[in-house]
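Worksheet: one structure, shown below.
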Amino acid sequence: MKLPSRLIAAVLLGTAQLAAQQPDPMIAVRTPVVALTHARVIDGLGRAPLENQTVLVRDGKIAALGADGSVVIPDTAQIRDLTGKTVMPGLVMVHEHLFYSSISKGPFHMNEMEFSFPRLYLAAGVTSARTTGSLEPYTDLQLKTTVDAGATPGPKLHLTAPYVDGPETNIPQLHGVKDAADAVRLVNYWADAGFTSVKVYVNLPRDIMAATIAAAHQRGMQVTGHIGRVSYREAAELGIDNLEHGFMAMSDLIPGRKEGDLSNAVNNYRSLEALDPAASAINDLIQLLVRKHVALTSTLAIFETFTPGRRVCSQAELDTLAPPLRESYLTRWSAINIQNNPTTKAAFAKNMQLEVKFFRAGGLLVTGTDPTGYGGCMAGYGNWRAIELLVEAGLTPVEAIQVATSNGAKLLGIAGETGSVEAGKAADLIVVNGDPAANISDLRKAEIVFKDGVGYDSKKLFDAVKGLVGIQ
Ligand SMILES: [Zn+2]
């Protein structure tokens, strides 16, 4: 077989060197100075959009911005007229994964998506992503290295170590810790390897969680949790930084709950269904979370896929799934709708109300897709859906964009560098052919995604991964 000469060159040179020598077909704009003129700017800080703005990008940073005519445009600048278009911050999404569901007849199994997911994230405008639990830690680390080197298109990655779960973990790809010393050993091991966050998981008992949080904080790592044996109140009192899945994993209000009981979705959802959102029990809990600065991650896009009466994947999403996963997705989606469980519907709606209430109470609401489940919520498309659902829940479009940009940056401690359109920040920007402040679904009209001033072609990135989700 005769190999194409580019492939031979790639083998000889190594892909990183080749990337430096040849123009990357995914890149639409790569020039040191770019002026984006006549744009509508959504700043990511929750403020009303500004019309007729110029954003000057220089050497990867936002050098200046202001009304058209007020910003000096150097002769060397490439000028892009964005009349009718919007510039907004790149998304900072904080419940992401680099693995995805596989079709498996055996035990629960996830495949690493080191090819498709970084491209999908960037295609949708995600320029910073925190993974929230790893199953192939060394692949995650390697991917971060190649993305940071510019050899693979993808967002800036903030990596969470493999989940810290209790001994009864039902995920064979995880190590269930047997005691506090085991958990501490694991935290230190992954901190040494380069992970910056830890995630505690449903089966972890309170005493081991306490030791995990203390060890992680000692190493300067953040701790988030999808918790089950520990209530939200208990976790807040242990000093957890972040809770995942809005109020969907809250066991606090299950009648007769005893400390250490393992909660499950059925009991959690029944307690949400029965809950009066104005009740003092939930008000007190929200006040405690706000006071203790516990951020809450909304993951509505994944829950929607388990809720009857909701959307089916678009054709573009179906085309992105590997064919066997596409087929099993449609079967499962139909089954959920035929079953039509009223408790799931009620819990989903109640959780939306509570997330908005938490935001209005001054809580740090952040968002992510949690691309897991059975095929309905994947990287990229799922990020857009998560933001649309925050608007359906009751946030204004600019508030939902704030949650998905500057709030995420605040959580990760990178708000000084990214997450908003302000002079001095990284040029992590999305050019949208529409107005997401008026119609949030215009997010789906992303054209160019700038990361540190390099502009990627959104459509080409999406096209590069057709049929691959579920495989790689
Ligand atoms: Zn997750």
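Every number here is computed from the coordinates shown, using simple stated rules; none is lab data. Here the structure is a predicted model, which means the values were calculated and not measured. With ideal geometry, Cβ positions are generated from the backbone for all residues, glycine too; neighbour counts draw on all protein chains shown.
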**Message:** What would the Debye equation give as log₁₀ I(q)/I(0) for the stretch 342-407 at q = 0.24 Å⁻¹, counting only Cα atoms as equal point scatterers?
**Reply:** -1.11
**Request:** Work out the FRET efficiency for Asp276 and Asn433 from their Cβ-Cβ distance, taking R0 = 30 Å, and round it to the nearest 0.05.
**Result:** 0.10
**Prompt:** Tell me, what HN-Hα J-couplings in whole Hz come from the Karplus equation 6.51 cos²θ - 1.76 cosθ + 1.60 at θ = phi - 60° for each residue of the stretch 391-402, using x for Gly and Pro?
**Reply:** 6, 4, 5, x, 7, 6, x, 5, 5, 4, 5, 4
**Message:** Tell me which GluC sites (Glu not before Pro) from the stretch 206-305 have a DSSP coil assignment and no more than 12 other beta carbons within 10 Å of their own.
**Reply:** Glu259
**Complete:** A correct Karplus calculation of ³J(HN,Hα) over the stretch 56-65, with 6.51 cos²θ - 1.76 cosθ + 1.60, θ = phi - 60°, whole Hz and x for Gly and Pro, returns 9, 9, 9, 6, x, 10, 7, 7, 7, 8
**Request:** Return Cys313, Cys377 ranked ascending by Cβ neighbour count within 10 Å, so the fewest neighbours appear first.
**Result:** Cys313, Cys377
**Label-point separation in nm, Asp261 to Leu50, each point 7 Å along Cα→Cβ** = 5.3 nm
**Prompt:** When N counts the residues of the stretch 375-472, how does its alpha-carbon radius of gyration compare numerically with 2.2 N^0.38 Å, as a ratio?
**Reply:** 1.13
**Fill in**
Diffing the stretch 376-381: the Karplus 3J(HN,Hα) column from phi (6.51, -1.76, 1.60, θ = phi - 60°), in whole Hz with x for Gly and Pro, holds x, 9, 10, 3, x, 4
**Complete:** Any residue on another chain or 5+ positions along whose placed amide H is under 5 Å from the amide H of Tyr163 is listed here as Ser134
**Item:** Gyration tensor (Cα) of the stretch 272-328, equivalent ellipsoid semi-axes in angstrom
**Value:** 36, 15, 8
**Message:** Rounded to the nearest angstrom and ordered from largest down, what semi-axes does the equivalent ellipsoid of the stretch 93-211 get from its C-alpha gyration tensor (root of 5λ)?
**Reply:** 26, 17, 11
**Fill in**
Percent relative contact order for the chain, counting Cα pairs under 8 Å at least six residues apart, stands at 23 percent
**Item:** Mean residue ellipticity (222 nm) of the chain, computed from DSSP H runs ≥ 4 via -39,500 (n - 2.57), nearest 500
**Value:** -11000 deg cm²/dmol
**Request:** Please sort by residue number the trypsin sites (Lys or Arg not before Pro) in the stretch 65-107 whose DSSP state is loop and whose Cβ has at most 13 other Cβ atoms within 10 Å.
**Result:** Lys105
**Asked** Which of the trypsin sites (Lys or Arg not before Pro) across the stretch 391-470 are loop residues per DSSP, with 13 or fewer other Cβ within 10 Å?
**Response** Lys466
**Item:** Percent of beta bridges antiparallel (DSSP, the chain, rounded to nearest 5)
**Value:** 50 percent
**Asked** What percent of all Cα-Cα pairs in the stretch 140-281 falls in each 5 Å bin, counting up from 0?
**Response** 2, 10, 18, 19, 17, 12, 10, 7, 3, 1, 0
**Request:** Please list, in chain and number order, the residues 5+ apart from His109 or on another chain whose amide H is under 5 Å from its amide H, with Hs placed from the backbone.
**Result:** Ser102
**Message:** Based on C-alpha coordinates, I'd like the Rg and Dmax of the stretch 91-412, in Å.
**Reply:** 18.4, 54
**Fill in**
Between the modelled labels at Asp207 and Ser104 (7 Å from Cα along Cα→Cβ) the distance in nm is 3.2 nm
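Which entries in the list Lys105/Lys345; Lys199/Lys258; Lys85/Lys445; Lys199/Lys357; Lys156/Lys425; Lys61/Lys451 go over 20 Å, if you measure between the two C-alpha atoms of each?
Pairs exceeding 20 Å: Lys105/Lys345; Lys199/Lys258; Lys199/Lys357.
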**Request:** Counting residues in the stretch 307-431 as N, plug N into 2.2 N^0.38 Å and put the Cα Rg over that result.
**Result:** 1.22
**Item:** Radius 13 Å from Cβ of Asn337, net charge of other residues (Lys, Arg +1; Asp, Glu -1)
**Value:** +3
**Request:** Along each of the three principal axes of the Cα atoms of the stretch 316-364, give the extent in whole Å, ordering the values from largest to smallest.
**Result:** 44, 26, 12
**Asked** Fully extended, how many nm does the chain gain between Ile27 and Ala423 (0.36 nm per residue separation, minus their Cα-Cα distance)?
**Response** 140.2 nm
**Item:** Where N is the number of residues in the stretch 52-96, Cα Rg divided by 2.2 N^0.38 Å
**Value:** 1.37
